[in-house]
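Values quoted throughout were computed directly from the atomic coordinates according to the rules given, and no laboratory measurement underlies them. Because the structure is predicted, anything quoted here is derived from the model rather than measured. For neighbour counting, all protein chains shown are included, and Cβ atoms are generated from backbone atoms with ideal geometry for every residue, glycine included.
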Amino acid sequence: MGSQLLANRLKDRNYYYVWVGVFFLIIISILLSLYFSARQIDYTWRWYRIPKYFAYQEQVEITSETDGEVESISKKGKEAVVRIKGLEGVESHAVPASALVVEEGDQIYYGDRLAAYKKWRVGILMQGLWLTLKVSIIAIVFGILIGLFTGIARISSNPALKWSAITYIELIRGSPLLVQIFIWYFVLGTLLNNLLATHGIDQIPALWFGVAALACFTGAYVAEMVRAGIQSIHRGQTEAARSLGMTYVKSMQHVILPQALRRILPPLAGQFISLIKDSSLLGIIAIRELTKATREVVTTSLQPFELWFVCALLYLVLTFSLSMLLQYLERRQFAV
Amino acid sequence: MIDVKNISKTFKGHSTEVKALVNVTAKVDKGEVVVVLGPSGSGKSTFIRCLNYLNVADEGSIVIDGIDILDPKTDINKVRAEVGMVFQSFNLFPHKTVLENVTLAPMVVRKKSKEDAKKKGMELLEKVGILDKADVYPDQLSGGQQQRVAIARALAMEPKVMLFDEPTSALDPEMVGEVLDVMKNLAREGMTMVVVSHEMGFAREVADRVVFMDEGAVVEVGTPEHFFTNPTHERTKLFLSQIL
């Protein structure tokens, strides 16, 4: 009996390792087939070209704008001020002390280098990543606000509030985000910017129409979650709060919403992850977020394979961090 | 203190109509303990919920401490602040600690400072014998403990009347006593109380008057003595024979 159990367990354990092996086999064969099919079309992988799109060193040169002699170099910490006495007076340049290539008394001609150094610059992919992050965060914040308000309006007994909320939710959920972005940019954007132009006010950049499209899109989904969250809280909670003399608003604020939001945190997380990914659509209205940035880099570097993998990986970094953050919040909230 | 005249209430479903209250008239004086008895479905819960406007009576009048609560001009939140309510299912706020449950309404509704609310809250928790659980969350308490917290929560508003809607019906039998003890103490201190209950012992011991309801109507009103030993109505006799 005992040996039978042991044999079973061994068998189970072997099975387990066999299937772990199968998993890795699948992964490796996918990678290999990718590699060999790339070789079929003579694709050369150049991963070393990728880092410069995150950050690169730029050569900076400071040159003289006059002919003359270096009168003095005064150093103050890491900064040095070079004074050049020319025919038409004295010219001074502030340069990093370590980058100096002239000395006091040197004869200088117009265009000569006074200092040369390298400076780190943020690459286009990094800029795109930052923009994606920025757009997503703003859209999430507004999406939550819109969703909260609409979700509460959705269950209101006031028909104006309720029907407005339903109309908004159904319109947004019933049409593709891509179309909504076009409407925001080409229709509402044109109307609004024309209106602003006639009053001599500055134009609103495309970015904000993109953010508005994302926020309104997310808001509709968040609203439905908020509604479901509120309705999932037992009626006794409202009754208890109201019976203590709290107004509707106070009971929502202190009793119902804190519980409802806790409950909808997991689906909210999913919605926000979708939003980060959907922000890739904003490239079509000339917002240079991560996907658009990648497309631009692909056309200049001609390394599409590496770049698209990197692009996907960067999205994964964003979505994964967000999901970790929300999981942390969830755990902390439920820790009693 | 409470003056109810001829209230009726009908619940309308899609195809059904349930007459929960039919022409109910009742009176509760200051300092009095009134226990409402009756078989299930007799409308006693609807009656007590009407007193707090959780159900709205279709007709009649309900005057609490001089204020007609069915008058559309009445600010019901002000009345509710003076009327404590204890529910069958406790309805504690699960996201708040025991102490926070008790201090929330005084702070939000009465605008008390946190310190004052806390001080009063601790006093009340001590009174209901649950001071050591002040910082735990309700789901870690037994049913009896939860109901005692719910009583403390209602008392924190310093109400003029306490309404109890079957406060012991959801409890395990061994926990009924601790909740009833708290209620008995309250009664002894002179609190005006309306209690919907199945606890005959409590009614007999504590009630000043017993109201017996059946099929949405008040059948008989009297002292516990009269009610339990010498009921007049056949329906009351039948009920007592079933329950005792």
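Projected onto its three principal axes, the C-alpha set of the protein assembly as shown covers 123, 82, 51 Å, listed from the longest axis down.
3J(HN,Hα) along region A:78-87, derived from phi through the Karplus expression 6.51 cos²θ - 1.76 cosθ + 1.60 where θ = phi - 60°, amounts to 8, 9, 10, 10, 9, 10, 10, 8, x, 6 Hz, with x in place of Gly and Pro.
Between A:229, A:274, A:163, the Cα set farthest toward the positive side of the dipole of region A:160-318 (charges on each charged residue's Cβ, about the Cα centre) is that of A:229.
The spacing between region A:10-50 and region A:258-336, judged by their C-alpha centroids, is 26 Å. Length gained on full extension, residue A:27 to residue A:299: 95.0 nm, using 0.36 nm per residue less the C-alpha separation. Within the straight-line cut-off of under 17 Å between alpha carbons, the lysines reachable from residue B:9 are B:19, B:44, sequence neighbours fewer than 8 places apart in one chain being disregarded. Karplus-based coupling profile of region A:51-62, in residue order and whole Hz: x, 5, 7, 8, 7, 9, 9, 9, 7, 10, 10, 10, with θ = phi - 60° in 6.51 cos²θ - 1.76 cosθ + 1.60 and x standing for Gly or Pro. Rg and Dmax of chain A, based on Cα coordinates, read 30.4, 106 Å. Once C-alpha pairs closer than 8 Å and six or more residues apart are averaged by separation and normalised to the residue number of chain A, the relative contact order reads 17 percent. Given axes a ≥ b ≥ c from the Cα gyration tensor, I'd like to know whether region A:138-273 is rounded (a/c under 1.5), prolate (a/b larger than b/c) or oblate. Cα axes put region A:138-273 in the prolate bin.
Please list, by residue number, every one of the trypsin sites (Lys or Arg not before Pro) in region B:1-80 that is coil in DSSP and has at most 15 other beta-carbon atoms within 10 Å. Walk me through the numbers on the way to the answer.
Values: sites: B:5, B:9, B:12, B:19, B:27, B:30, B:44, B:49, B:73, B:78, B:80; in loops: B:30, B:73.
Filter output for region B:1-80: B:30, B:73.
Phi-derived couplings, Karplus 6.51 cos²θ - 1.76 cosθ + 1.60 at θ = phi - 60°, listed residue by residue for region B:77-86: 5, 5, 5, 4, 4, 8, 10, x, 10, 10 Hz, with x used for Gly and Pro. Computed from Cα positions, the angle between helix B:234-243 and the longest principal axis of chain B comes to roughly 50 degrees.
If we sort A:193-203, A:262-272, A:154-164, A:126-136 on the protection proxy, mean other Cβ atoms within 10 Å, highest first, what's the order? Show your work: numbers first, answer last.
On the way: A:193-203: 10.2, A:262-272: 18.1, A:154-164: 12.9, A:126-136: 20.0.
Output ranking for A:193-203, A:262-272, A:154-164, A:126-136: A:126-136, A:262-272, A:154-164, A:193-203.
Roughly speaking, what is the stretch gain from residue B:114 to residue B:11, that is 0.36 nm per residue apart minus the C-alpha to C-alpha distance, in nm to one decimal?
Working: separation 103, 0.36 × 103 = 37.08 nm, distance 4.14 nm.
Here the segment from residue B:114 to residue B:11 would lengthen by 32.9 nm.
Here residue B:12 is the anchor, and the aspartates and glutamates within straight C-alpha reach of less than 18 Å, apart from those fewer than 8 places off in the same chain, are B:58, B:59, B:215.
In percent, how large is the relative contact order of region B:154-244, given Cα pairs closer than 8 Å and 6 or more residues apart? Write down the numbers at each step before the final one.
Values: 78 pairs, mean separation 19.8, N = 91.
Relative contact order for region B:154-244 comes out at 22 percent.
Extending 7 Å from Cα along the Cβ direction at residue B:30 and again at residue B:234 yields two label points whose distance is 4.3 nm.
Amide H contacts under 5 Å for residue B:218: B:25, restricted to partners 5 or more places along the chain or on a different chain, H placed in the peptide plane at 1.01 Å from N.
For chain B, what is the calculated [θ] at 222 nm in deg cm²/dmol (nearest 500), taking -39500 (n - 2.57) for each run of four or more DSSP H residues and dividing by its residue count? Rounded to the nearest 500, the figure is -11000 deg cm²/dmol.
Each label point was placed 7 Å from the Cα along the Cα-to-Cβ direction; for residue A:38 and residue A:60 their separation is 3.6 nm.
Dividing the Cα radius of gyration of region A:1-130 by 2.2 N^0.38 Å, with N the residue count, gives 2.29.
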